[in-house]
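Read through the structure below, which is laid out as structure tokens, and then see the notes.
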Amino acid sequence: MSQELLSKLNTTHIDEISSSRNEPDWLKDYRRNSLSIYDSLPIETSPLYNKYTDAKKMDPEKVSLSITTTETVPAFLQKRLSELDNEICIIQIGTNIHKINLPDELKSQGVVISSISDAIQNNPELVKKALDASNPKDDKFTALNNAAFNSGIFIHIPRNFVLDKPIHFLTCLSEDGHSTISRNIIFADESSKSTLIQELYSPNIQTQQAYLELMNTSVAANAQLDITTLQMMDQHAVTFSTKRTDLGQDAKVNWYSGLFGSMLSRYKIEYFLNGTGASSNDSEVIFGNNEQTFDIQTNVNHESPSTEGRVVEKSILRNKSKSLFKGMIRIKENASKSNSFLSGRSILLDKDAKSDAIPGLEIFTNDVKATHSASVAQIDEEQIFYLKTRCLSHEEAERTIVEGFLEPLSRKMSFQVRAWIAYLIESKWDNRELSINTDEELAKFVEIEETRYDENSEIEQHYKYR
């Protein structure tokens, strides 16, 4: 089992990954080319962002890579895995696929859920299409993932297929301390509809582990894909994630992210609205404490006419935690009649917490609507005082204000996603272990969310009594 520190990554280790998986020659060349680009790029390519980023918190001298890792399932994850026994799911522990649960009925209808290694053998054209969509020159960590990925998943939803139940994609770093570089590919074919739930965990160990992810998502014409990402990793770990989503004509993606764990979370998220009428809706909730750092970059690229993009990021920061939100709307020459909105807002609960927001617009045509906004503020002491006069403690008052801060964003989510986010916020507030499950405690959150803010019920009541 070959092992290497990230600081000493070389072609020998890359070739050993390829040989162990019997990869084709074109992929071996792809890896080597990406490695040479990785070595030549700085951590942050933009001078504007460089002075703000904390990406150097990931120490290449501490990040250990291995072709394979231990298959042992951490004890804290056993309960969650048992709850997924009857769900459509793929479970990844370290570099190993622990379990794939896909009913035969769905297999016969063309649904594919597999490891990236199997997909390279069985679906080489789609894999190559996804790999070619990632330009390693765009970003140092894109090049790293293309060169050295040692795991990953592949999901394909066939044409005209509507999947009623969600696909659960759960990843946990291994207990042996090795890091994981994951290459994840998702294809939603024409006129399909599906939901994906990604859960990220890591064991509580003292060494610095990294989860390095590159995810390519393709949403074909008239397809709809709803994705929820919940990052609940231990605060000794670091997370570097690059996500690229390409949308065809009238395609739609709703992506909800809840980022709670990890010492450093660096996310680069890009949407390419390639087809007329395509739309993307991105909602991000961040809750940081201690000395956590969240470095988020979200770009929406309008390539065709009449496309719509919406990005809303909200951060709650305690202690000495930090957030950096870098957002960009780009409306190209051929994308007239497009509509785009970008917002980054942070609320600071302690004086040592810090947040920076750098939203931007690049518009190359007329007849469009585009706007961006950013705000960073501490809690208003007058609001705290007012709530205290209503018999709330200081902490209860803070939590009430935070709930109100998130409420406009959470209304865009499903009842289940809102319940998960609320449960994780409460867990973090009380310094409990971060995880989601389907036990009675979480069921209460779902029940509350199903009955709150039922706008249709309010309208019906209004007409009933006129």
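No value in this document is a laboratory result; all are computed from the given coordinates. Everything numeric in this text was worked out from a predicted model, so none of it was measured. Glycine gets a Cβ as well: all are built from the backbone with ideal geometry, and neighbour counts include every protein chain shown.
What the table shows:
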{"quantity": "Which of Ile436, Pro47, Cys172, positive extreme of dipole for the chain (C-beta unit charges)", "calculated": "Pro47"}
{"quantity": "Cβ-based net charge around Arg266, under 13 Å, with every Lys or Arg adding one and every Asp or Glu removing one", "calculated": "+2"}
{"quantity": "Global geometry of segment 47-143, whether rounded, prolate or oblate, following the gyration tensor of its Cα atoms and the 1.5 cut on a/c", "calculated": "oblate"}
{"quantity": "Cα centroid separation - segment 390-425 against segment 358-376, whole Å", "calculated": "28 Å"}
{"quantity": "Among [x] 70, 49, 48; [y] 72, 45, 40; [z] 62, 54, 53, the entry derived from the coordinates for Cα extents along the principal axes in Å", "calculated": "[x]"}
{"quantity": "Ranking of Tyr386, Tyr256 by count of other Cβ atoms within 10 Å, fewest first", "calculated": "Tyr386, Tyr256"}
{"quantity": "Relative packing of 14-23, 289-298, which averages over residues the other C-beta atoms within 10 Å, highest first", "calculated": "289-298, 14-23"}
{"quantity": "The chain - charge dipole about Cα centre, Lys and Arg +1 at Cβ, Asp and Glu -1, debye rounded to 20", "calculated": "900 debye"}
{"quantity": "Neighbour-count ranking [beta-carbon atoms within 10 angstrom, fewest first] of Leu392, Leu84", "calculated": "Leu392, Leu84"}
{"quantity": "Given Lys128/Lys314; Lys56/Lys243; Lys107/Lys252, the pairs whose alpha carbons are separated by over 30 Å", "calculated": "Lys128/Lys314"}
{"quantity": "Net charge of Cβ neighbours under 13 Å - reference Ser20; Lys, Arg +1; Asp, Glu -1", "calculated": "0"}
{"quantity": "The chain - percent relative contact order, Cα under 8 Å, separation 6 or more", "calculated": "9 percent"}
{"quantity": "Ranked packing of 128-136, 319-327, most packed first, by mean Cβ within 10 Å", "calculated": "319-327, 128-136"}
{"quantity": "Under 13 Å from the Gln3 label point (7 Å along Cα→beta-carbon), backbone N, segment 18-37", "calculated": "none"}
{"quantity": "Order by protection proxy (mean Cβ within 10 Å, highest first), peptides 300-311, 149-160, 53-64", "calculated": "300-311, 149-160, 53-64"}
{"quantity": "Amide N of segment 369-398 lying under 19 Å from the label point, which is placed 7 angstrom from the Cα of Glu407 along Cα→Cβ", "calculated": "379-398"}
{"quantity": "Distance-filtered residues of segment 388-410 - backbone nitrogen under 17 Å, label point 7 angstrom along Glu382 Cα→Cβ", "calculated": "388-390, 401"}
